[in-house]
Every structure is written in C-alpha cells, then in structure tokens.
Amino acid sequence: MTLGQLERKLLVVVGAGGVGKTTLAAALGLRSARAGASTLVMTFDPSLRLKDALGVGDSAKDRAVRVKSDTRARLDVILLDARTTFDRLIERYAPDEAAAKRIYTNRFYRELAGNLAGILEYMAVERLFEVASERSYDRIILDTPPTRQALDFLEAPDRIVNFLDSGAIKIALKPWWESGGGIKGIPMRLAAKGVEGIADRLLGVRLLGDMLEFFRAFAPLYDGFRERAEQVRRLLREPETLFLVVSGPGEDRIPDTMFFARKLKESGHRVGPIVVNQVHPAVGRTGGLADSQFAEGLELFEFLGQRDQRGIESLRKLLSRGEPLVVVPLKASPPNDLAELEELGEELVAQVR
Amino acid sequence: MPVLPKLSKRQLIVVTGKGGVGKTTIAAAIARLLAAAGRRVLLLEIDPRESLHQLLGTEPSGGGIIKAGPKLSVQNLQPVAVVNALVREKVPVGILARKIVASPVFQHFAQGAPGLKEMSVLGYALRTVEGDYKHKADVVVLDAPATGHGASMLAAPLLLSDLVGGGQIGDMAKNLAQFIADPERCGVVLATLAEEMPVQELAELVALLRERMGRPPELVVANGLYPRFPEGRTGSPVTPPSDDPIRRKGGSETVRRPAGPLARSSVHPSADILELWRERRAVNDRELKRLRGIWKGPLAEVPLLPLDRGPELLAAIEATLGEELA
C-alpha cells in the first residue's frame with residue numbers, strides 16, 4: 001500500500017485561496033499514516049470543522065500534536081504561527097539574550113515585520129526546514145498559506161534575504177546616522193545621501209530610527225539567517241520534494257493553475273499531479289424533472305457540471321502526456337470525521353497509483 | 001434605510017474578502033450600480049494579473065484608465081508605480097533623484113517600508129476624488145486584495161501615522177487615516193461565500209474593523225449561493241424522485257460514495273444531484289445563520305448563476321444586487 005506518485009518524503013500543497021488545500025493535506029496525511037509512514041501535516045489556519053475532525057485544538061499551535069487515529073504509523077499535526085516562528089529564529093541566531101530582546105521590543109519589528117509581504121510564506125518553509133532537519137518523520141506534508149499571487153510562496157526566501165540584505169539597507173541608512181560610517185567611494189556616498197534625504201523627507205526621523213535600530217539589532221543574526229534561507233531554497237528543490245498544485249474547478253481558474261505549475265518547474269521544483277478539487281458532477285437523466293420545481297436548480301447544476309468539465313478538458317490539453325491530473329468531485333458536505341477524511345485521501349491516491 | 005443611496009454618497013468604497021469569493025465581480029457590480037445612479041466612478045484593480053476587463057468586456061487597462069460605460073472608468077493600478085510617482089512628486093527631480101528612485105536600493109526601501117504601497121493606493125483614490133488629477137471621479141471603488149492583505153491595506157494609514165513621527169508620509173498617513181475612519185466618506189463592503197472558512201474569516205475581519213479601526217463595514221455580500229431546495233408543504237424536504245436504483249433516503253446524513261476513478265467522470269443520476277444540491281444549500285443556510293449572528297447590518301444575498309464569467313454574468317449580478325440594495 002503506497003502513495004503511488006506521491007511516495008515522497010516531502011509534499012508541498014499549493015494553490016489559490018479557497019480551493020480546499022488544507023482539507024486535502026489532512027486527508028493525504030491520514031492516508032499516508034495508514035500506509036505505514038509516520039507523517040506530519042503542517043498547516044496554517046484550518047477550519048473548526050477540520051480541527052474537530054482531526055481532534056486537535058489550539059494545543060497544536062506551533063507544536064506537533066498526535067491525531068488519535070487507528071493508523072499503523074503516527075499522524076501529527078502542527079498549526080503554524082508566523083510570529084512565533086520568527087521569534088524562535090531570532091532566539092536561535094541572536095548572539096545573546098540582550099540582542100534578541102532588542103529585536104523583540106523594537107517597534108518596527110513588533111508592529112510591522114509581521115505584516116511584511118512574504119513573511120507568512122517564508123515562515124512556513126522555515127518551520128518546515130526546522131522539522132525536516134530533525135528527521136523524526138517519514139513524510140511531511142506542508143499546507144501553504146493561500147497565495148492569490150501564487151508566486152509569493154516560491155519567492156519568499158529570496159525576498160526575505162533581499163529585504164534583509166544589509167548591503168542595501170546599510171547604504172540607505174548608515175552614513176546618515178554615523179558620520180564617516182565606513183562607506184567608501186564618492187558615488188556611493190552621494191547615492192546614499194540622496195536616498196536618506198528622500199527617506200527622511202518622506203518618512204520622518206522616527207520610523208527611520210526604528211528601522212535602523214531593527215537592522216542593527218538584526219546584523220549579528222544576518223549571516224545565519226541568510227544561510228538558512230539558502231538551505232530552505234535547496235530543500236524545496238530536492239528530488240524527494242514534490243509540489244501538489246491544487247486548483248478550483250471551472251475554466252477561469254485554469255490559466256492561474258497552469259501559470260503556477262509552469263513557474264514552479266522553471267525554477268527547478270518538482271511538480272506532481274495537478275489536483276482539480278470540488279468538481280461539480282456531470283448531470284444526466286433529468287428528463288422527468290425538467291418541468292418540476294427542481295428545474296431551475298437542475299439547470300444550474302447542469303451548467304456547473306459542464307463548466308467544470310470544460311475546465312478539466314482545457315487543463316488536460318495543456319498538460320503533456322504523462323503529467324497526471326487528479327479530479328476530486330465536490331462532496332455533499334465537507335469531511336466531518338477521520339473516516340471521511342481518509343476516504344478523500346484514498347480518492348486522491350487511487351488516481352495516482 | 002436602503003443601502004444603495006447610502007453607498008452613493010461615499011467617495012471611496014473598499015471591497016474585500018477571502019480569496020475566491022467573487023470580490024472582483026461584486027466590486028464591478030457596485031461600481032456599475034453607482035454609475036447608473038449618476039455618480040462618476042473609477043473602479044480600481046490592484047492585482048497585476050488583470051481580470052476586470054473580462055467582466056466588463058473592455059480592453060485590459062495595462063495601468064491606464066479605460067472607459068467601461070457611461071460614467072464608469074476602470075484602471076489596473078500598479079502600487080509600485082504610484083509609490084514612485086509620489087516620491088518623484090515630493091522630491092525635486094534632479095538627475096540624481098531620478099536615478100535613486102530607479103535604483104535597487106530605493107526599490108528595496110520602498111517595498112521594505114511596510115504599508116507604503118497600500119497607503120499610496122489609498123492616497124491615489126483620495127486624490128482622485130479630491131480632483132487633484134486630470135481624471136475626475138466622484139467615487140472610487142477599490143477591488144482590494146484578499147482579506148489578510150485587504151485588512152492591512154485599510155489599517156496601513158493608521159499604523160503608519162502612529163509609527164511615523166513626521167515627514168510627508170506621516171502627514172499623508174494621518175490624513176488618510178481620517179479619511180478611512182470617516183463613515184460618511186469611506187465605506188467598506190465585505191464579500192463572502194456562505195461557507196465555513198469564508199465566514200470564519202469574515203468574522204475576524206468584522207471584529208478587526210470594529211475594534212481596531214472603529215468603523216464597521218457598510219455592507220456584507222453573501223455571494224455564490226446555491227438556490228433554495230424546494231421544500232414540501234409540511235416543511236420537510238421533498239423526497240427526490242426515484243428514477244435511480246441507488247436512491248437516497250430523505251435524511252441529511254452524509255452519503256458514502258465509492259472512492260476512486262469511478263467517481264471521476266461518471267454521469268450522476270439526478271437523485272445524486274438533488275442530494276448534492278440540498279446538502280450544499282444546507283451548508284449555505286447554516287453559514288448564513290452564523291453570519292447573521294456575527295453581522296446584524298445590511299446583508300445582500302447573491303445567487304450562483306448558470307453564466308460564464310463575462311459581461312452577461314456581471315449584468316445579472318448587478319441586477320440582483322440592485323434589487324437587494326434598493
């Protein structure tokens with residue numbers, strides 16, 4: 001009993017918001033544990049229903065919690081929290097407690113660092129790396145935050161490194177605060193003066209002060225952080241890492257899905273099956289009901305069935321031969337318990353065996 | 001009081017909600033309703049992957065302002081371009097200044113100062129309605145990013161005006177924070193599906209708007225509702241006709257289906273479809289009820305329609321929303 005093409009150490013579930021990524025990740029996790037692989041599902045913000053189904057509450061926040069299932073191997077769940085992860089990173093790389101404290105209490109960090117675009121995405125992969133290095137699971141399934149701009153997720157490590165790139169920030173800020181601050185060469189100094197002039201005029205002294213303090217406090221952590229981001233980038237490109245792209249049904253979702261799958265490949269990632277989730281079934285044999293009180297509703301379902309079928313067909317055309325496509329029909333209601341979740345997982349796995 | 005006349009008085013209407021709930025369609029429908037009521041409307045899209053033009057049946061904006069009907073224009077706004085324009089405007093344009101704005105160092109800085117992009121979009125809207133630009137509008141309808149980012153967009157001026165001591169951005173932030181907080185000038189419309197996660201996120205957003213910003217939304221739109229399932233006279237659901245050997249019982253218990261490839265492409269007998277319909281509508285009803293518990297203000301219900309994304313769908317949603325809000 002294997003997971004077929006999904007038999008990898010690390011599965012990353014990606015896709016736009018509202019396509020059912022989290023439920024599918026949990027379903028696969030259960031199916032994986034059933035197949036005998038100890039499995040960890042890492043997720044951000046599951047619905048109450050899913051938490052109930054898995055029997056995990058807030059105790060799983062940032063901490064692996066065992067799901068009470070009868071599977072051969074164990075299934076654990078972690079609910080990710082970006083801020084806690086960021087805090088822990090700082091704790092790890094700060095040279096001493098005082099340095100860590102300087103960052104924690106910095107206003108820029110407290111108010112704004114958590115809102116930086118890409119932080120949530122980056123912290124997901126960061127935490128993943130942390131757990132993956134511990135090697136205590138046979139398989140890890142990472143559910144990613146919704147990415148309307150799906151590329152945010154992929155680019156997160158690069159962006160964080162760029163943002164923290166002390167070079168740019170130091171050039172922008174340092175000479176202004178420390179006269180004769182070590183920057184050599186007249187053009188550079190001029191450019192730096194220009195930037196700081198603009199920044200000061202636009203932002204005022206206080207924010208600049210806070211930002212400078214933040215980057216100063218961060219400087220000793222910087223090398224560790226940068227190296228870490230590089231390792232995270234590599235982990236996402238390992239042969240044992242497979243991306244599962246989940247799409248909503250309907251033709252208008254397909255271009256986004258294909259775009260993302262292509263970008264993933266171009267940047268050296270391995271893309272597994274594309275999963276079209278929540279597909280309305282094709283409607284047949286409504287003859288006797290055409291004039292009844294059901295007519296209007298059935299017409300809608302007929303349309304939805306055809307719309308989703310069109311979407312799947314156009315997706316099939318875009319995929320090359322051998323690139324698998326998984327179709328998961330819309331359920332009457334979302335999975336309520338472990339049995340229904342596992343059934344969903346099996347439905348998926350059965351198509352990639 | 002009906003909601004539409006109230007919305008017509010606003011200068012900025014921010015439409016946000018969880019990803020995939022049809023925010024853009026709702027924003028476009030509201031823009032068209034306001035234009036039909038005689039207001040000059042600018043509909044702003046921020047997502048670099050344009051989709052409004054599909055709905056409106058226009059050319060893509062490519063950053064420019066496109067006419068989309070009487071009194072209605074549409075623009076795909078690139079926040080980075082607005083930030084740069086703002087900097088160029090505030091800083092005397094020497095060769096050096098221009099070079100700096102174009103330099104990676106400055107770009108990092110502009111992206112790194114959080115809230116700057118969000119605020120520049122709001123600033124652009126404010127200046128449009130205040131008549132600072134060549135293109136005039138009475139009201140800007142903003143198709144804001146999905147919830148998380150949409151909330152931080154609304155909160156950005158407040159956050160920045162607290163954080164930034166002074167400077168032109170600080171002043172602008174203060175100004176914008178007042179604009180956003182003024183219920184006479186700025187309205188917030190939240191779009192959602194009547195499903196579990198979208199309603200959960202909506203609850204968080206309503207609380208955030210109320211508590212952190214002191215301004216509740218003006219309207220919540222429950223989009224994509226399945227039609228009501230026909231009920232029998234006794235109030236119990238009609239038993240689906242049995243033209244199908246695997247006929248379901250009348251209850252609402254979940255029906256286990258055989259898993260695997262079978263379920264993939266088989267044509268479903270109508271009793272299965274009725275079951276699916278009834279259950280999906282039951283989810284809608286349950287979540288609408290929960291929504292009502294969270295949100296006592298105006299709530300518009302918009303059905304799922306058998307139409308592809310395009311001008312026809314938009315016209316139908318505009319008509320429904322017009323009736324709901326009149």
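Do the conditions hold for B:Arg210, that is, is it in contact (Cβ under 8 Å) with a residue 12 or more places away in the chain and of a type in the set (Lys, Arg)? Spell out how you get there, then give the answer.
On the way: in contact (Cβ under 8 Å) with a residue 12 or more places away in the chain: no; of a type in the set (Lys, Arg): yes.
Answer is no for this residue.
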Practice item. Filter region B:37-58 down to residues that are part of a loop (DSSP other than H, G, I, E, B) and β-branched (Val, Ile, Thr) and give me whichever is farthest from B:Glu318 (Cα to Cα). Key: B:Ile46
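Checking the conditions here, which among B:Ile13, B:Ile26 is within 21 Å of B:Pro298 (Cβ to Cβ), in a helix (DSSP H, G or I) and modelled with pLDDT of 95 or more? Spell out how you get there, then give the answer.
Numbers: B:Ile13 fails: in a helix (DSSP H, G or I).
Result of the check over B:Ile13, B:Ile26: B:Ile26.
Go through region A:313-334 residue by residue and tally those that are part of a helix (DSSP H, G or I), more than 24 Å from the chain's Cα centre (by Cα) and buried (at least 20 other Cβ atoms within 10 Å of the Cβ).
Just the residues of region A:313-334 that are part of a helix (DSSP H, G or I), to begin with: A:313-318.
Narrowing further to those that are more than 24 Å from the chain's Cα centre (by Cα): A:313-314, A:316-318.
Narrowing further to those that are buried (at least 20 other Cβ atoms within 10 Å of the Cβ): none.
So the answer is 0.
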Point to revise | Inter-residue pairs, beta-carbon under 9 Å, first closer than 18 Å to B:Ala137 by Cα and in region B:28-53, second of a type in the set (Phe, Trp, Tyr), 6+ apart | key: B:Leu44/B:Tyr124
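Kindly indicate the residue of region B:198-257 that is among the polar types (S, T, N, Q) and not in a helix (DSSP H, G or I) and also modelled with the highest pLDDT among those meeting that condition. Talk me through it step by step, then tell me what you get.
Filtering region B:198-257 down to residues among the polar types (S, T, N, Q) leaves B:200, B:223, B:234, B:236, B:239, B:242, B:252, B:254.
Narrowing the set further to residues that are not in a helix (DSSP H, G or I) leaves B:223, B:234, B:236, B:239, B:242, B:252, B:254.
Details: B:Asn223: 97, B:Thr234: 40, B:Ser236: 45, B:Thr239: 53, B:Ser242: 48, B:Ser252: 39, B:Thr254: 41.
It comes out as B:Asn223.
Pick from region B:62-89 the residues that are in a loop (DSSP other than H, G, I, E, B) and under 24 Å from B:Ser8 (Cβ atoms): which of them is nearest to the other protein chains (Cβ to nearest Cβ)?
B:Leu77
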Check your understanding: Can you tell me which residues in region A:1-37 are surrounded by 17 or more Cβ atoms within 10 Å (Cβ to Cβ) and of a type in the set (S, T, N, Q)?
Key -> A:Thr22, A:Thr23, A:Ser32
Point to revise | Residues of region B:21-64 satisfying the condition of being small (Gly, Ala, Ser) and surrounded by fewer than 20 Cβ atoms within 10 Å (Cβ to Cβ) | key: B:Ala36, B:Ala37, B:Gly38, B:Ser51, B:Gly57, B:Gly62, B:Gly63, B:Gly64
Exercise for review: Just one of (1) away from every other protein chain (no Cβ under 11 Å); (2) under 13 Å from the mean Cα position of the chain (by Cα); (3) part of a loop (DSSP other than H, G, I, E, B) trips up A:Leu11, so point out which.
Suggested key: (3)
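Right, B:Pro92: out of contact with any Lys or Arg (no Cβ under 6 Å at 6 or more places or on another chain), part of a loop (DSSP other than H, G, I, E, B), at pLDDT below 80 and more than 9 Å from chain A (Cβ to nearest Cβ) or not? So that I can check it myself, show each step before the final result.
On the way: out of contact with any Lys or Arg (no Cβ under 6 Å at 6 or more places or on another chain): yes; part of a loop (DSSP other than H, G, I, E, B): yes; at pLDDT below 80: yes; more than 9 Å from chain A (Cβ to nearest Cβ): yes.
In short, yes.
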Point to revise | region A:295-330 - residue that is in contact with a Lys or Arg (Cβ under 9 Å, 6 or more places away or on another chain) and facing chain B (nearest Cβ under 8 Å) and, of those, farthest from B:Arg281 (Cα to Cα) | key: A:Val327
Exercise for review: Please find, among A:Asp45, A:Asp81, A:Asp96, the residue that is surrounded by fewer than 21 Cβ atoms within 10 Å (Cβ to Cβ) and at pLDDT 85 or above.
Suggested key: A:Asp96
Check your understanding: Is it true that A:Arg228 is farther than 26 Å from A:Leu28 by Cβ, in contact (Cβ under 8 Å) with a residue 12 or more places away in the chain, over 17 Å from the mean Cα position of the chain (by Cα) and crowded, with 18+ Cβ neighbours inside 10 Å?
Key -> yes
Check your understanding: Restricting the search to region A:48-78, which residues are surrounded by fewer than 22 Cβ atoms within 10 Å (Cβ to Cβ) and in a loop (DSSP other than H, G, I, E, B)?
Key -> A:Gly55, A:Gly57, A:Asp62, A:Arg63, A:Ala64, A:Lys68, A:Ser69, A:Asp70, A:Thr71, A:Arg72, A:Ala73, A:Arg74
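The values are calculated or read from the model by the stated rules, or taken from the named source; none is laboratory data. Quick caveat, the model's predicted, so the values are computed rather than measured. Note that we place each Cβ from the backbone using ideal geometry, even for glycine, and neighbour counts take in every protein chain shown.
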